[in-house]
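Colleague: Questions regarding the structure given below will be posed in turn.
The values are calculated or read from the model by the stated rules, or taken from the named source; none is laboratory data. Just so you know, these numbers come straight off a predicted model, no measurement behind them. Methodologically, a virtual Cβ is constructed for each residue, glycine included, from the backbone with ideal geometry; neighbour enumeration extends over all protein chains shown. SASA here: full protein model, heavy atoms, side chains in, ligands and nucleic acids out. Shrake-Rupley method; radii C 1.70, N 1.55, O 1.52, S 1.80 Å.
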Amino acid sequence: MIIKSVIIGRLYVKIKNTKKYYLNKIVLENIKKIEEWQGGDIVIFKSHIGIVSDNRNKDGIPFIIHHANSWQLHYEEDILPYRNDIIGHYRIS
């Protein structure tokens, strides 16, 4: 149990530090306008980070390239319409 809390603690620090870096270095974009997201944009979830793909679904919403868990079948997924844990969207300008 101690090992699990250490891993979770380190993950939280990495996400927190990464978010701080992005806030200082690149442009914060609107997380609600997902149809305007572009390939290469960075999306931060509560527990991991993904990259916006240049592929889109039939509604024009981009896929996300990410690795959320070890049993994930595909790394490029159409998940944006179903996720409510997005805490940041950034674009290097």
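Colleague: Between GLN38 and ASN57, with labels modelled 7 Å along Cα→Cβ, what's the label distance in nm to one decimal, could you check?
Modeller: Output for this residue pair reads 2.3 nm.
Colleague: On a 1.4 Å probe surface of the protein chains, which of ASP41, ASP78, ASP54 comes out largest in accessible area, and what is the full order?
Modeller: ASP54, ASP78, ASP41
Colleague: OK, next. Ranked from the most accessible area to the least, with a 1.4 Å probe and all protein chains present, what is the order of ARG91, ARG56?
Modeller: Result, largest first: ARG56, ARG91.
Colleague: Taking H placed 1.01 Å from N in the peptide plane, check which residues at least 5 places from ILE79 or on another chain put their amide H under 5 Å from its amide H.
Modeller: Excluding prolines and chain starts, which carry no amide H, the hits are ILE64.
Colleague: Same structure again: Report, to the nearest whole %, how much of the accessible area of segment 25-93 belongs to carbon and sulfur atoms, 1.4 Å probe, protein only.
Modeller: C and S atoms contribute 52 percent here.
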